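Below is one structure, written out as structure tokens; the observations come after it.
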Amino acid sequence: MVGKRLATKNEAEFCEIYKHPHGSLFQGDSVEWLKSLDGESVDLIFADPPYNIKKAEWDRFENQEQYIEWSMQWIRESHRILKKTGTMYLCGFSEILADIKHPSMRYFRSCKWLVWCYKNKANMGSDWGRSHESIL
């Protein structure tokens, strides 16, 4: 086995749960973890945060404003730790990313909108289902 799964701790904290020679996986409070990293020390951030669609306990925010406020906390920290030549990709539904794009522009000089298309999983009855997600 090349990698190793480690024990988990309190989710309010953060801990390494998987270690591999090429990197590690951490679990816990993402904002606190980002704050622990040195400034301008990261080349790439690929973020797939909660979407605030309330399908799981960890994906529930009181309202959209609270979700945007939380998003801006980790986006601000992401900007701080990214190298000047670094890149960040942010996954989400287009209607949610539209709310985040404008306030995040104070940290990033350019922003491209990518579309990830995939085959619709099944006939959802009256719900059309999604066949794409966006990446900022």
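Please report SER110, SER36 as a ranked list, fewest other C-beta atoms within 10 angstrom at the top and most at the bottom.
SER110, SER36
Ordering ASN63, HIS102, PRO50 by Cα displacement along the dipole of region 39-135 toward the positive end leaves HIS102 in first place; charges were set at the Cβ atoms of Lys, Arg (+1) and Asp, Glu (-1). Exceedance of the 23 Å cut-off in Cα-Cα distance is limited, within the set LYS55/LYS119; LYS55/LYS112; LYS35/LYS112; LYS35/LYS84, to LYS55/LYS112; LYS35/LYS112.
Taking square-rooted eigenvalues a ≥ b ≥ c of the alpha carbon gyration tensor, is region 39-135 rounded, prolate or oblate, where a/c under 1.5 means rounded and, failing that, a/b exceeding b/c means prolate? The shape class here is prolate.
Put in line by how crowded their Cβ is, counting other Cβ atoms within 10 Å and starting with the fewest, ARG106, ARG76 read ARG106, ARG76. Model label sites at CYS111 and SER94, defined 7 Å from Cα along the beta-carbon direction, differ in position by 1.6 nm. Each of CYS117, CYS111, CYS91 was scored by other Cβ atoms within 10 Å of its Cβ. Arranged with the fewest first, they read CYS117, CYS111, CYS91. Here the relative contact order of region 39-135, from alpha carbon pairs under 8 Å that lie six or more residues apart, stands at 31 percent.
Bear in mind that the values in this text are calculations on the coordinates, not laboratory data. None of these values were measured; they are calculated from a predicted model. Cβ sites come from the backbone with ideal geometry, for glycine too, and all protein chains shown count toward neighbours.
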